[in-house]
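A.B. asks: This is the structure I want to talk about, given as structure tokens.
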Amino acid sequence: MSYVKPKFRHPNLPTNRRGYTVADYDGAISTLCAGCGHDSISAAIRNACFKSAIEPHRIAKVSGIGCSSKMPTYFLGKSHGFNSVHGRMPSVATGASLANRDLTYIGVSGDGDTASIGMGQFVHLVRRNLNMTYIVANNGCYGLTKGQDSATADIGSIAKGGAVNPFEGIDLASLALLQGASFVARSFSGDKGQLEPLIRAAMAHKGFAFIDVVSPCVTFNNHAGSTKSYAETREHLAPMPVDFVPMRDEITTTYDPGTTQAVTLHDGSVIHLQKAANGVKTDDRTAALLRMQEARDEGNILTGLMFLDPNQADLNQVLNLATTPLNKLGKDELCPGSKVLKSINEGLR
Amino acid sequence: MKPTNTTNPEYFHKVVDCQYACPAHTPVPAYIRAIAQERYSDAYMINWESNVFPGVLGRTCDRPCEPACRRGRVEEEPVAICRLKRVAADHKDDIRDRLPKAGAANGKKIALIGGGPASLTVARDLAPLGYELHLYDAQPRGGGFMRSEIPSFRLPEEVLEEEVGYVLDMGIHTHFNTYIDSMADMLTKGYDAIFVGCGAPRGRDLPNVPGREEGAENIHVGLDWLANVAFKHTAKIGKRVIVLGGGNTAMDCCRTSRRLGGEDVKVIVRSPFEDMKASPWEKEDAIHEGIPIIDNHVPLEFVVKDGKLVGMKFDKVEAKYDAEGRRSLISTGEDPVFVECDDVLIAIGQENAFPWIEKETGIRFTSWGTPIINDDETFQSTRKNVFFGGDAAFGPSNIITAGAHGHKAAVSIDLYCNGQDLEEDRPPPNVTLISQKMGIHEWSYDSIPVDDKRVAVPLVALEKALGDRDLEVELGFDPETAFVQAERCLNCDAQTVFTAPSCIECDACADICPTSCINFVENGTEDDLRPRLMVPAENAEQDLYVSDALATGKVLVKDEDVCLHCGLCAERCPTAAWDMQLFTYNTAKAAPNLVPGLEGL
Ligand SMILES: Cc1cc2nc3c(=O)[nH]c(=O)nc-3n(C[C@H](O)[C@H](O)[C@H](O)COP(=O)(O)OP(=O)(O)OC[C@H]3O[C@@H](n4cnc5c(N)ncnc54)[C@H](O)[C@@H]3O)c2cc1C
Ligand SMILES: Cc1ncc(C[n+]2csc(CCOP(=O)(O)OP(=O)(O)O)c2C)c(N)n1
Ligand code: SF4
Ligand code: SF4
Ligand code: SF4
Ligand SMILES: [Mg+2]
């Protein structure tokens with residue numbers, strides 16, 4: 001197996017606004033199974049960061065444990081990163097964001113990492129509206145530990161060994177909606193046309209952006225009878241295409257009147273939802289929940305942007321924390337001395 | 001676009017850029033791998049089967065393969081294909097027992113006129129089939145221009161001797177020092193077919209430039225002068241030499257002059273430096289030997305004083321290009337430039353000359369003086385039993401082209417002598433396509449390209465080189481350097497072969513591909529597809545590989561342009577829809593399986 005990627009790149013690779021090529025957002029060569037959906041998500045994140053011209057060193061990747069949580073090694077090799085403990089990425093992300101709110105945080109997790117061991121941390125992260133992009137690479141199983149059913153496995157889905165899953169699966173996107181998330185989307189690893197703009201929008205969004213990405217495990221969950229195989233997912237996909245136009249760019253694509261809905265983000269970027277004619281509204285949390293539930297009842301996988309509230313205050317704002325990253329504060333500001341401590345104590349008497 | 005028909009061998013042939021560009025289609029990556037594995041004799045035999053003169057060509061080939069080499073499109077410099085060929089020749093063992101022998105006599109007699117690479121290739125290809133081959137040359141030994149024109153500081157005599165010998169030792173009847181002065185005569189001698197490989201022997205002169213006649217004693221036609229040097233009739237030249245012309249002959253003339261007493265040697269050429277016909281490396285070599293190249297100077301006059309040449313006058317010009325890019329040289333109007341000299345060598349081109357082929361033979365010629373030939377496959381002239389090849393066929397070219405002609409002409413001669421149709425019955429190329437999978441993610445070749453840069457071949461010290469006309473200037477690569485240089489080859493013959501029904505469209509190949517070759521897109525016309533790819537496919541010379549429609553209705557489109565043949569697409573494919581398959585392509589030779597044991601190398 002090749003353990004390095006050749007150095008050569010296409011000589012005509014385009015550069016982004018900051019002069020980087022997409023290769024500047026590459027990571028190490030993947031060690032995931034050939035064909036794993038997670039690799040496609042890695043590529044989508046790489047492409048999204050390139051297209052949005054975020055400088056690699058202004059990005060921090062955080063993850064837990066699992067094949068999915070290994071992904072950050074395979075993209076953005078020049079960015080910051082923390083591969084944490086199983087299910088504990090939210091704590092690390094929270095600490096990092098409190099210390100430096102100026103970085104773009106990309107969290108990558110799995111359905112096991114988030115919906116089982118990490119469930120407690122996850123819901124608190126959602127309700128606190130931490131300013132980050134949180135991607136769950138959802139394959140319905142514990143890939144890294146050889147394919148046991150995860151908590152998102154659909155009821156009735158057949159595991160590779162033949163066992164039928166007797167439990168109702170957790171729908172993380174609905175859960176995030178219920179818990180007050182400000183940006184909720186779902187996508188499929190095999191649909192970069194939709195996934196890339198969603199990731200770009202999530203990174204531009206100021207607040208907690210959750211994307212549940214169906215990402216087939218080719219090794220343990222890609223057989224007949226699995227509801228999260230490539231074939232089954234494609235069969236039941238009900239996608240709503242999305243375009244993302246960053247603040248700086250002109251809108252060049254034209255849409256048939258009445259077929260799209262435009263949503264403007266805090267920084268002036270615009271998300272265009274295509275096929276949005278039939279009354280889809282991204283600012284209606286209840287309607288979004290209903291639509292997702294209906295699709296689920298029909299056995300369909302609704303993908304696209306489900307809900308967005310661009311104006312919700314994020315954790316740093318709610319807690320009214322220092323706007324300057326800690327690494328830019330001087331010793332005196334960080335450690336103001338006994339005088340200040342005294343006056344604080346006085347204030348508490 | 002329609003799905004690519006990969007069962008047509010020409011598709012994958014074109015992907016192997018070097019081999020495709022080589023007139024003889026030498027299997028370059030195969031011999032380069034053999035060199036990397038220190039199998040120099042195998043590397044030599046792969047070459048010998050294909051081009052007959054690996055040692056000669058490894059030093060002198062015009063190497064159209066190198067500008068074509070894929071490596072030159074992904075970094076600065078192509079693989080050192082030509083000089084690696086020399087490595088095979090330098091480091092091989094005694095290979096004589098691997099050479100084919102003359103076949104049992106088949107009763108057919110062939111005459112070969114001229115003993116250059118074209119005729120020698122025909123001889124090599126036909127001898128194993130039992131033809132009685134008679135080779136005629138006006139020179140005292142075989143090799144044609146390789147012997148009489150290419151200076152021995154570029155091509156040592158032993159190297160030429162060895163490889164000409166391999167051919168002649170196959171029982172060829174040689175008739176040296178024999179100038180053929182009548183084709184009509186030849187046709188009465190009972191040959192079943194005649195091959196004309198007499199080259200383009202006439203050097204162009206400047207008969208109308210004033211002073212040409214008066215100064216004749218010190219004005220020489222380059223082609224004749226080089227031959228005189230080669231056969232040791234000329235051993236000296238004046239201290240100050242002007243070489244007129246900008247081609248490779250001019251470069252050989254000036255470098256030879258430096259070795260025969262020329263101290264102040266200049267090349268003076270009409271055209272701008274960039275437009276000169278000489279290969280870039282030959283210009284470099286001349287400049288390295290202290291020879292200035294003065295461009296944009298058109299000869300006006302040979303200045304003769306007291307019956308002796310004293311210099312030349314030139315008109316300074318500027319190149320102007322019209323809308324179609326046609327060049328004209330316009331005088332700058334300045335005073336003529338006078339350049340002093342003792343001798344002038346005229347190296348401004350060469351032409352075909354067939355004064356010995358009579359009209360009544362039925363062999364007809366074009367207005368350019370080249371024979372009318374059926375096409376560049378059969379090489380049959382307007383007289384059915386006479387075939388042309390090498391420089392004699394289409395005018396001056398190079399050794400490897402002469403060899404390529406020779407192979408095709410030999411096939412034609414064999415078909416002709418067996419009463420078969422030269423077109424219908426032509427054998428196809430010998431092609432195989434074999435998976436290189438060794439394990440789950442293991443390939444039989446070094447798939448990941450190395451980053452090493454090309455290095456130049458070391459040279460002997462300049463002073464030493466200029467002191468000895470016969471001393472080879474280039475030292476050749478040592479085995480260690482050769483290994484690194486060989487590893488630079490991208491193995492373009494390891495083809496990416498795609499099987500659409502196996503693809504699950506997981507994107508793994510498109511994601512991993514380091515050079516962004518792979519795309520899953522909606523189909524369209526080629527003009528529509530090219531700009532739509534991840535990196536627009538701007539190099540129209542390189543094909544798009546398009547699959548059948550996939551489950552989603554999209555198609556796979558791979559731009560062949562800068563594929564590294566790294567195999568990562570196939571490694572990352574979960575269903576083996578991609579496979580790396582070794583493609584071998586050998587042009588048909590008159591004698592099949594000329595060198596047994598080369599299959600699959
Ligand atoms: C100065 C110079 C340098 C060159 N350097 C290179 C180089 O570095 N690399 C390269 O690839 N090519 C080079 N070439 C070109 C190359 O030598 C020729 O293209 C090639 O040799 C042509 O081969 P051929 O078999 O057609 O004929 P030639 O090699 O020209 O051989 C023809 C032979 O036929 C003989 N002959 C001609 N007429 C008759 C007749 N009527 N009867 C009997 N014999 C006859 C001639 O004596 C000659 O020996 C060079 C050419 C010149 C002039
Ligand atoms: C504290 C702890 N408990 C259990 C494990 C074993 N373990 C490793 S990965 C994993 C599940 C990963 O599943 P998921 O997050 O869905 O990732 P996937 O491999 O499917 O992408 C488990 C249970 C562990 N590493 N640490
Ligand atoms: S086990 Fe499954 S999830 Fe893990 S790398 Fe392999 S295919 Fe991907
Ligand atoms: S990289 Fe190797 S195989 Fe490819 S064109 Fe160059 S020499 Fe030929
Ligand atoms: S072999 Fe495959 S992965 Fe490698 S450059 Fe070519 S298309 Fe890309
Ligand atoms: Mg999982």
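A.B. asks: Looking at the stretch A:24-37, which of its residues are crowded, with 23+ Cβ neighbours inside 10 Å, facing chain B (nearest Cβ under 10 Å) and outside any loop (DSSP other than H, G, I, E, B)?
C.D. replies: Passing the criteria: only A:Gly37.
A.B. asks: In the stretch A:198-234, how many are within 11 Å of another protein chain (Cβ to nearest Cβ) and not polar (S, T, N, Q)?
C.D. replies: Total satisfying the criteria: 6.
A.B. asks: Could you tell me which residue of the stretch B:23-82 is least open to solvent (accessible area, probe 1.4 Å), considering only residues that are over 18 Å from the mean Cα position of the chain (by Cα) and β-branched (Val, Ile, Thr)?
C.D. replies: By that ranking, first place goes to B:Ile35.
A.B. asks: May I pose another question? Take the stretch B:560-582 and flag every residue that is under 25 Å from the mean Cα position of the chain (by Cα), away from chain A (no Cβ under 11 Å) and open to solvent by less than 10 Å² (accessible area, probe 1.4 Å).
C.D. replies: B:Glu560, the sole residue that qualifies.
A.B. asks: Identify, by number, the condition in (1) in a loop (DSSP other than H, G, I, E, B); (2) in contact (Cβ under 8 Å) with a residue 12 or more places away in the chain; (3) hydrophobic (A, V, I, L, M, F, W, C) that B:Leu300 doesn't meet.
C.D. replies: Failed condition: (1).
A.B. asks: Follow-up. Restricting to the stretch A:195-218, name every residue that is in contact with a strand residue (DSSP E or B) (Cβ under 8 Å, 6 or more places away or on another chain) and either at pLDDT below 95 or assigned to a loop (DSSP other than H, G, I, E, B) (or both).
C.D. replies: Those that are in contact with a strand residue (DSSP E or B) (Cβ under 8 Å, 6 or more places away or on another chain) and either at pLDDT below 95 or assigned to a loop (DSSP other than H, G, I, E, B) (or both): A:His205, A:Gly207, A:Ser215, A:Cys217.
A.B. asks: Write out, first by first residue and then by second, each pair whose Cβ atoms fall under 7 Å of each other, whose residues are 6+ apart or on separate chains, and whose first residue, in the stretch A:2-23, is more than 8 Å from chain B (Cβ to nearest Cβ) while the second is open to solvent by 80 Å² or more (accessible area, probe 1.4 Å) and at pLDDT 95 or above.
C.D. replies: Short answer, once both residue conditions are applied: A:Asn16/A:Lys51; A:Thr21/A:Thr15.
A.B. asks: In addition: Could you pull out the residue among B:Ala537, B:Ala551, B:Ala570, B:Ala510 that is at pLDDT below 95 and either within 16 Å of ligand 3 (Cβ to nearest atom) or not assigned by TED's automatic domain parsing to the domain that holds B:Ala410 (or both)? Please lay out each step first, then the result.
C.D. replies: On the way: B:Ala537 fails: at pLDDT below 95; B:Ala570 fails: at pLDDT below 95; B:Ala510 fails: at pLDDT below 95.
Testing whether each residue is at pLDDT below 95 and either within 16 Å of ligand 3 (Cβ to nearest atom) or not assigned by TED's automatic domain parsing to the domain that holds B:Ala410 (or both) leaves just B:Ala551.
A.B. asks: Right, something else. Inside the stretch A:46-71, can you point out the residues that are away from ligand 6 (no atom under 16 Å from the Cβ), under 27 Å from A:Gln148 (Cα atoms) and β-branched (Val, Ile, Thr)?
C.D. replies: The initial filter retains those residues of the stretch A:46-71 that are away from ligand 6 (no atom under 16 Å from the Cβ), namely A:46-62.
If we keep only those that are under 27 Å from A:Gln148 (Cα atoms) too, we end up with A:61-62.
Correct list: A:Val62 only.
A.B. asks: When you look at B:Val557, is it under 25 Å from A:Tyr74 (Cβ atoms) and away from chain A (no Cβ under 11 Å), yes or no?
C.D. replies: Values: under 25 Å from A:Tyr74 (Cβ atoms): yes; away from chain A (no Cβ under 11 Å): yes.
Taking the combined requirement at face value, the residue satisfies it.
A.B. asks: Go through (1) without any contact (Cβ under 8 Å) to a residue 40 or more places away in the chain; (2) open to solvent by 40 Å² or more (accessible area, probe 1.4 Å) for A:Asp154 and report which single condition fails.
C.D. replies: That leaves (1) as the condition not met.
A.B. asks: Here's another thing I want to ask about it. Filter the stretch B:344-371 down to the residues that are aromatic (Phe, Trp, Tyr) and surrounded by 15 or more Cβ atoms within 10 Å (Cβ to Cβ) and list them by number. Please lay out each step first, then the result.
C.D. replies: Of the residues in the stretch B:344-371, the ones aromatic (Phe, Trp, Tyr) are B:354, B:356, B:365, B:368.
B:Phe354, B:Trp356, B:Phe365, listed by residue number.
A.B. asks: Now for a different question. Quick check, is A:Ala43 surrounded by 20 or more Cβ atoms within 10 Å (Cβ to Cβ) and either among the aromatic types (Phe, Trp, Tyr) or within 14 Å of chain B (Cβ to nearest Cβ) (or both)? Steps first, answer last, please.
C.D. replies: On the way: surrounded by 20 or more Cβ atoms within 10 Å (Cβ to Cβ): yes; either among the aromatic types (Phe, Trp, Tyr) or within 14 Å of chain B (Cβ to nearest Cβ) (or both): yes.
The answer is yes for A:Ala43.
A.B. asks: Within the bounds of the stretch A:54-67, is there any residue that is within 14 Å of chain B (Cβ to nearest Cβ) and among the β-branched types (Val, Ile, Thr)?
C.D. replies: Among the residues of the stretch A:54-67, not one is within 14 Å of chain B (Cβ to nearest Cβ) and among the β-branched types (Val, Ile, Thr), which makes the answer no.
A.B. asks: Given the conditions (1) without any contact (Cβ under 8 Å) to a residue 12 or more places away in the chain; (2) of a type in the set (A, V, I, L, M); (3) not assigned by TED's automatic domain parsing to the domain that holds B:Gly246, which single one is not true for B:Ile180?
C.D. replies: (1)
A.B. asks: So which of B:Ala138, B:Ala105, B:Ala127, B:Ala200 ends up being open to solvent by 40 Å² or more (accessible area, probe 1.4 Å) and in contact with a Gly (Cβ under 7 Å, 6 or more places away or on another chain)? Give the steps one after another, and end with the answer.
C.D. replies: Numbers: B:Ala138 fails: in contact with a Gly (Cβ under 7 Å, 6 or more places away or on another chain); B:Ala127 fails: open to solvent by 40 Å² or more (accessible area, probe 1.4 Å); B:Ala200 fails: open to solvent by 40 Å² or more (accessible area, probe 1.4 Å).
The match here is B:Ala105.
A.B. asks: State yes or no: is A:Ser174 surrounded by fewer than 23 Cβ atoms within 10 Å (Cβ to Cβ), more than 14 Å from chain B (Cβ to nearest Cβ), within 16 Å of ligand 6 (Cβ to nearest atom) and closer than 19 Å to A:Ile301 by Cα? Show your work before the answer.
C.D. replies: Values: surrounded by fewer than 23 Cβ atoms within 10 Å (Cβ to Cβ): yes; more than 14 Å from chain B (Cβ to nearest Cβ): yes; within 16 Å of ligand 6 (Cβ to nearest atom): no; closer than 19 Å to A:Ile301 by Cα: yes.
Spelling it out, it is not the case that A:Ser174 is surrounded by fewer than 23 Cβ atoms within 10 Å (Cβ to Cβ), more than 14 Å from chain B (Cβ to nearest Cβ), within 16 Å of ligand 6 (Cβ to nearest atom) and closer than 19 Å to A:Ile301 by Cα.
A.B. asks: Moving to a separate point now. Quick check on this structure: which one of A:Thr145, A:Thr133, A:Thr152 is among the hydroxyl-bearing types (Ser, Thr, Tyr) and within 15 Å of the chain's Cα centre (by Cα)?
C.D. replies: Details: A:Thr145 fails: within 15 Å of the chain's Cα centre (by Cα); A:Thr152 fails: within 15 Å of the chain's Cα centre (by Cα).
Result of the check over A:Thr145, A:Thr133, A:Thr152: A:Thr133.
A.B. asks: Quick one: count up the residues across the stretch A:71-81 that are open to solvent by 10 Å² or more (accessible area, probe 1.4 Å) and away from ligand 3 (no atom under 16 Å from the Cβ).
C.D. replies: 5
A.B. asks: State the number of residues belonging to the stretch B:335-371 that are under 30 Å from B:Glu263 (Cβ atoms) and assigned to a loop (DSSP other than H, G, I, E, B).
C.D. replies: 7
A.B. asks: Here is a list of conditions, (1) out of contact with any His (no Cβ under 8 Å at 6 or more places or on another chain); (2) crowded, with 18+ Cβ neighbours inside 10 Å, and A:Ser68 meets all of them except one; can you say which number that is?
C.D. replies: All conditions are met except number (1).
A.B. asks: Pick out the one residue from B:Asp137, B:Asp97, B:Asp93 that is free of Cβ contacts under 8 Å to residues at least 24 places away in the same chain, more than 16 Å from ligand 3 (Cβ to nearest atom) and not small (Gly, Ala, Ser).
C.D. replies: Numbers: B:Asp137 fails: free of Cβ contacts under 8 Å to residues at least 24 places away in the same chain; B:Asp93 fails: free of Cβ contacts under 8 Å to residues at least 24 places away in the same chain.
It is B:Asp97.
A.B. asks: Please list, ordered by residue number, the strands (runs of 3 or more DSSP E) wholly in the stretch B:372-460 having 3 or more residues that are more than 14 Å from chain A (Cβ to nearest Cβ) and either touching a Phe, Trp or Tyr at 6+ places or on another chain (Cβ under 6 Å) or loosely packed, with under 15 Cβ neighbours inside 10 Å (or both). If you could, list the steps in order and put the result at the bottom.
C.D. replies: Numbers: elements: B:386-388, B:430-435, B:437-439.
It comes to B:430-435.
The values are calculated or read from the model by the stated rules, or taken from the named source; none is laboratory data. Everything numeric in this text was worked out from a predicted model, so none of it was measured. Every residue, glycine as well, gets a Cβ built from its backbone with ideal geometry; the counts of neighbours run over all protein chains shown. Side chains included, ligands, DNA and RNA excluded: accessible areas come from the protein's heavy atoms. Shrake-Rupley method; radii C 1.70, N 1.55, O 1.52, S 1.80 Å.
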